[in-house]
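The values are calculated or read from the model by the stated rules, or taken from the named source; none is laboratory data. Note that the coordinates shown come from a computational prediction; the quantities given were computed from them, not determined experimentally. Methodologically, a virtual Cβ is constructed for each residue, glycine included, from the backbone with ideal geometry; neighbour enumeration extends over all protein chains shown.
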Protein chains: 4
Amino acid sequence: MSNEDFKKKLKKVNQFKIDKDDDIVELISSLKNTGFNAKRLAVACEIYKEMIQDKDCVKFFGLAGALVPAGMQKIIHDFIEEGFIDVLVTTGASLTHDIAETLGYHHLQGELSLKEVDDSELHNQELNRIYDVFLPNKVYEGIEDFVSKLEISDENMSVSSFLKFLGDELPKNDNSILKICAEKNVPIFCPAFTDSGLALQLGFHHQNLNLNHFKDMLKIVDLAWDTKNAGVCVVGGGVPKNFIMQSLQFCPNSAQYAIQITMDRPEQGGLSGATLHEAISWGKVSEKAKFSTVIADATIALPLILWYLLKAK
Amino acid sequence: MSNEDFKKKLKKVNQFKIDKDDDIVELISSLKNTGFNAKRLAVACEIYKEMIQDKDCVKFFGLAGALVPAGMQKIIHDFIEEGFIDVLVTTGASLTHDIAETLGYHHLQGELSLKEVDDSELHNQELNRIYDVFLPNKVYEGIEDFVSKLEISDENMSVSSFLKFLGDELPKNDNSILKICAEKNVPIFCPAFTDSGLALQLGFHHQNLNLNHFKDMLKIVDLAWDTKNAGVCVVGGGVPKNFIMQSLQFCPNSAQYAIQITMDRPEQGGLSGATLHEAISWGKVSEKAKFSTVIADATIALPLILWYLLKAK
Amino acid sequence: MSNEDFKKKLKKVNQFKIDKDDDIVELISSLKNTGFNAKRLAVACEIYKEMIQDKDCVKFFGLAGALVPAGMQKIIHDFIEEGFIDVLVTTGASLTHDIAETLGYHHLQGELSLKEVDDSELHNQELNRIYDVFLPNKVYEGIEDFVSKLEISDENMSVSSFLKFLGDELPKNDNSILKICAEKNVPIFCPAFTDSGLALQLGFHHQNLNLNHFKDMLKIVDLAWDTKNAGVCVVGGGVPKNFIMQSLQFCPNSAQYAIQITMDRPEQGGLSGATLHEAISWGKVSEKAKFSTVIADATIALPLILWYLLKAK
Amino acid sequence: MSNEDFKKKLKKVNQFKIDKDDDIVELISSLKNTGFNAKRLAVACEIYKEMIQDKDCVKFFGLAGALVPAGMQKIIHDFIEEGFIDVLVTTGASLTHDIAETLGYHHLQGELSLKEVDDSELHNQELNRIYDVFLPNKVYEGIEDFVSKLEISDENMSVSSFLKFLGDELPKNDNSILKICAEKNVPIFCPAFTDSGLALQLGFHHQNLNLNHFKDMLKIVDLAWDTKNAGVCVVGGGVPKNFIMQSLQFCPNSAQYAIQITMDRPEQGGLSGATLHEAISWGKVSEKAKFSTVIADATIALPLILWYLLKAK
């Protein structure tokens, strides 16, 4: 770019003011003209809004990290209910946590001052710790009871078909990710399904089960192939990020929109922290794409993005 | 703690819902009952509110990082104007950036897509880069003009006295940190003052200047000593964090409230990432203190905290 | 612990000296008596040595991250050849990279000064970037050629059986992870196998393939169940970490030794950054276990650990 | 750069082997041809070697972080004794820790399994915690005794002159940073000197002390101005990094060599994590400079670099 073109694109950083009666759209609009991750968050919000407004955009959402234990189940549920997610790729742990809550079990929180709690003591009390959240062992009993009674029609169905079946079988629940996906026919992919407490119990109780992971892989490639304008929102990285990205790699249309919210960084070379820019070299993200990486805990960023989308749409 | 006491303190993680017409107080209230950094942010907001409501609390605010270039000058200004900061400790760079904006110069932002801009090219164009923000060299000329004309009455005054003088000399400005501190008699400490462009220009134009850093050190110790309920909010760590903390270390009353917002972590042993819990061992933070560390970019967290305080106070 | 017991356990930090003719064992021995991650690295070395010396110890090794592209293939190969790994759990990407190198293709590195290379330009040149390493597209053609010719006897075999078959089919190679595992009968588990370029090509060329992931899940649980003294070394976290840990969770003997090398941190609640201490609450790690988390890029830590083990064993 | 030029510069990633009898020079030489931080560490080693071999190079070394408590005092001492550091810029805390050790006091380490030690309990036992290292309060009494007896000839001398005086006054000691700097006439700058326990005790016992910080600032600018080939090695960032960099900013010759070892990252905009590339835009680092940032805990990286330099020089 020539110097003159470059200089023309520069504009003043906005020393913005917050009024107590501002709404989230005004805040995000102000942050757009700042710097660092505040700006990136604002840009991410705007990109997501564009994804929603683009009728040709298929929105792939990758979800890793213990967001359900951290109280973000309803947030993700509402992303789906509002039509902000067309394809969900997630981890077996997230599904396990979602089923637990959907069956009426709960994750527990302590006071911050409890943080020095002794893990050996927790083990004795059958409380599994996820940073500052606790999952009682008895939750697994409830899941086991549900899982053991499942009547699985086809032991070789794809994981995504099985997750649709699970969603149908689960009781009605206003927070459940599996339930709302089943109701809205939003496919859920879980490439590392057997890496979960849910799969362990399935394996113990349904010994001939051989869910077909390859069907899922080919199905999401088909979805990506047929997409005119792919949009990607990745939370936390991991397998969900890679699975979405590899589906787009060989397609005629790579992602036109891309957002990632992560605490990982690129310097150690792992995919979770890789920049979206790097994804251009792979053909996963279009060189003309709008994209933004927000370095933030998703428990802070995701609710803000949803709030913005609900208000701004 | 006994098992029973521990279990009694546990409560259900709240799978909260956001409505588009919620306000920031409702959001923070929901986040309080979640986990990870969302909860820590909510707890930080509540602690800050308590600090404001506690008439005996002196609020020490440590500010490190390039927050003025990132558009957060007015946010910090409003913390001070609202009375949310009683003692400010900051870096020479922040003061330099504040003077630049106060004198009518601006930091510049580009499009995200400009991020691959070549730093050699920027150097040729006399644009200094701070991540995704740009500071034109000519800003320094404006500061130099201001600095060279200063008539300094006492070459051995403390840095904080000099910064009060600077605030008085600066033109009226609704965003200026130095100005609002001068107007409201909020002392500014800057232990690494000579580590700044501002000090370099002072040194070049006022060759006998020997601002007395020891007076500042003893003054903030006196302030800490006399404080009944010290409250600390640290942004980014660095020298401002340590300077506040060392002042509290030997006082009869260590901090009763403590908040830190940082991206640094404890494992490599640096003070910026050290936990507030560790500070208890030093006697800097009271073992009965309420405290919360939020791992977040301050450009996201600080505006949210201010917004909450304005609405909730 | 009583004050006296605590104080008795404290000893002087060693201000150690390095002589140019020291060997790695002397360096690690010195670091043992320091602090922060140097100490943790030294402790990790000693724990790994104990794992090797303990005849009852089954050594589970979780490998995530692009270590083969970063030149660590031979290092991992030698861990296996030396008998330092009994069970390997890894990602599909690592296997894809390993096959590429085993078939005679190479990852490429540029000069550091090339780091601003344009990703769009790389895409045009068919060079996929992994931070500062480049993978030419034509590598995939070589893999495809290999994969398309495979004669797979059982389309429903487990992934680990299939990976043993792959190792047998691959040409002789002194660096290959798959090859050395096949030769030494070290099982490789890959729970997210379909999340890989290798699986994509398998899926395209072997349309009825339905590798049985559940068999793997049950097989590693059996391995864990039968283990008297489980030892765990986790590099980078991700699915390999979780898959090993969930296998240990319900076993009579949880891990007696545990090492993790990661750049992730616990505060955002993801499993990759979770402390090994937290794993005690889950029963994945024994409360009596020796464990150490090293916050370090594995490309630095792994070669040092191997060097130490080779010299110290 | 044209495609052809780019491709010519690419070379094969080296899947290197470690033999147990390799030396550190062989290891670093192998790592040079890998990727990620292993490569950056190797490049940093080579740059430092070049700095030593370049007779026109003045080597500025910025030291932040609690490296003396972590057992790295002798390592830094030997950097100085070997002539690898010409100008040292550090924090008041590092000087305080150095004096403590030089006077015969010690930092203490516990077992890793002590990490859950209660900070309130530590406070009662007068043990100040620095992550996993402990500093007994009584150390301060020893420092106070030393400080109170100092006969300071000029209360307005520069901080660096005062630190030379301190080095002369301290007892002979083979590990002491202050002592070896005094002996070898290596100037020590400490821009945030009053941000330290050492300065607090000086302030209490020498009430008229007004060390001239501006003299230091101008002195290091003079040193930088006169330097033909500046070399910079920054550990941990903070004020020492900025103070060195601002000295180079307006000089005719910016840094020709630059190394930084840090765990900080650029995305939140703070100087500690800023890339060396960004420094080119400021004119702090030459666009032709050789530079490398290593994302690593300095307690691991620094001993390896010293070991390499001792062997390779």
task = Please verify whether segment C:46-64 includes one or more residues that are buried (at least 24 other Cβ atoms within 10 Å of the Cβ), touching a Gly at 6+ places or on another chain (Cβ under 7 Å), modelled with pLDDT of 95 or more and within 10 Å of chain D (Cβ to nearest Cβ).
result = no
task = Considering each residue of segment C:148-177, count those that are surrounded by fewer than 21 Cβ atoms within 10 Å (Cβ to Cβ) and more than 20 Å from the chain's Cα centre (by Cα), and give that number.
result = 16
request  = Among the candidates D:LYS59, D:LYS49, D:LYS55, D:LYS20, single out the residue that is within 22 Å of the chain's Cα centre (by Cα), more than 30 Å from D:LEU150 (Cα to Cα) and in a loop (DSSP other than H, G, I, E, B).
outcome  = D:LYS55
message = Condition first: of a type outside the set (D, E, K, R), more than 27 Å from the chain's Cα centre (by Cα) and not in a helix (DSSP H, G or I). Now tell me which residues in segment B:121-147 satisfy that.
response = B:GLN125
query = Can A:SER30 be described as in a helix (DSSP H, G or I), at pLDDT below 95 and of a type in the set (S, T, N, Q)?
reply = no
ask   = Residue check: is C:ILE244 closer than 27 Å to D:ARG40 by Cβ, among the aliphatic types (A, V, I, L, M) and in contact (Cβ under 8 Å) with a residue 40 or more places away in the chain?
value = no
ask   = Given A:SER160, A:SER120, which one is touching a helix residue (DSSP H, G or I) at 6+ places or on another chain (Cβ under 8 Å) and more than 9 Å from every other protein chain (Cβ to nearest Cβ)?
value = A:SER160
ask   = Within the bounds of segment B:222-241, is there any residue that is touching a residue at least 24 places away in the same chain (Cβ under 8 Å) and within 14 Å of chain A (Cβ to nearest Cβ)?
value = yes
Matching residues, segment C:277-288, being facing another protein chain (nearest Cβ under 7 Å) and of a type outside the set (Gly, Ala, Ser) = C:HIS277, C:GLU278, C:ILE280, C:TRP282, C:GLU287
message = Restricting to segment A:83-107, name every residue that is more than 17 Å from B:GLN15 (Cα to Cα) and more than 10 Å from every other protein chain (Cβ to nearest Cβ).
response = A:GLY83, A:PHE84, A:ILE85, A:ASP86, A:VAL87, A:LEU88, A:THR90
inquiry  = When the residues of segment A:261-276 are narrowed to those that are in contact with a helix residue (DSSP H, G or I) (Cβ under 6 Å, 6 or more places away or on another chain) and more than 22 Å from D:THR34 (Cα to Cα), which ends up nearest to the other protein chains (Cβ to nearest Cβ)?
reply    = A:MET263
query = Which residue pairs have Cβ atoms closer than 6 Å, lie 6 or more positions apart in sequence or on different chains, and pair a first residue in segment C:13-37 that is closer than 20 Å to C:LEU310 by Cβ and more than 7 Å from chain D (Cβ to nearest Cβ) with a second residue that is assigned to a loop (DSSP other than H, G, I, E, B) and at pLDDT 95 or above?
reply = C:SER30/C:PHE16
key: Counted residues, segment D:214-241 - those being among the basic types (Lys, Arg) and under 16 Å from the mean Cα position of the chain (by Cα)   = 1
key: Selection count where residues are of a type in the set (S, T, N, Q) and closer than 14 Å to B:LYS288 by Cα, scope segment B:251-269   = 3
message = Taking the conditions exactly as written (under 21 Å from C:GLY197 (Cβ atoms) and facing another protein chain (nearest Cβ under 7 Å)), does A:PHE250 satisfy them or not?
response = no
task = Please go through segment A:62-81 and pick out each residue that is assigned to a loop (DSSP other than H, G, I, E, B) and of a type in the set (A, V, I, L, M).
result = A:ALA64, A:ALA66, A:LEU67, A:VAL68, A:ALA70, A:MET72
remark   = For segment B:11-32 the number of residues that are crowded, with 17+ Cβ neighbours inside 10 Å and over 24 Å from A:ASP22 (Cα atoms) is 3
Test for B:LEU306: is it assigned to a helix (DSSP H, G or I) and either under 21 Å from the mean Cα position of the chain (by Cα) or free of Cβ contacts under 8 Å to residues at least 40 places away in the same chain (or both) = yes
Within segment A:304-313, considering residues that are surrounded by fewer than 23 Cβ atoms within 10 Å (Cβ to Cβ) and at the interface with chain B (Cβ under 7 Å from one of its Cβ atoms), the one farthest from A:GLN246 (Cα to Cα) = A:LYS311
query = Would it be correct to say that A:LEU271 is hydrophobic (A, V, I, L, M, F, W, C) and either free of Cβ contacts under 8 Å to residues at least 12 places away in the same chain or over 25 Å from C:ILE261 (Cβ atoms) (or both)?
reply = no
ask   = When you go through C:ASP168, C:ASP174, C:ASP145 one by one, which is the residue that is within 13 Å of another protein chain (Cβ to nearest Cβ), at pLDDT 95 or above and either out of contact with any Asp or Glu (no Cβ under 7 Å at 6 or more places or on another chain) or closer than 15 Å to C:HIS97 by Cα (or both)?
value = C:ASP174
note = Picking from A:LEU223, A:LEU248, A:LEU150, A:LEU166, the residue that is farther than 28 Å from A:ILE295 by Cβ and in contact with a helix residue (DSSP H, G or I) (Cβ under 6 Å, 6 or more places away or on another chain) would be A:LEU166
inquiry  = Could you check segment C:225-238 and list, in sequence order, the residues that are small (Gly, Ala, Ser), in contact with a strand residue (DSSP E or B) (Cβ under 7 Å, 6 or more places away or on another chain) and over 15 Å from C:MET51 (Cα atoms)?
reply    = C:GLY236, C:GLY237
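Suppose we filter C:ALA289, C:ALA258, C:ALA301, C:ALA279 for residues that are touching a residue at least 24 places away in the same chain (Cβ under 8 Å), crowded, with 24+ Cβ neighbours inside 10 Å, in contact with a strand residue (DSSP E or B) (Cβ under 6 Å, 6 or more places away or on another chain) and outside any helix (DSSP H, G or I); which single one remains?
C:ALA258 is the lone residue from the list that is touching a residue at least 24 places away in the same chain (Cβ under 8 Å), crowded, with 24+ Cβ neighbours inside 10 Å, in contact with a strand residue (DSSP E or B) (Cβ under 6 Å, 6 or more places away or on another chain) and outside any helix (DSSP H, G or I).
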inquiry  = Tell me whether segment A:82-104 contains one or more residues that are farther than 22 Å from A:LYS179 by Cα and part of a loop (DSSP other than H, G, I, E, B).
reply    = no
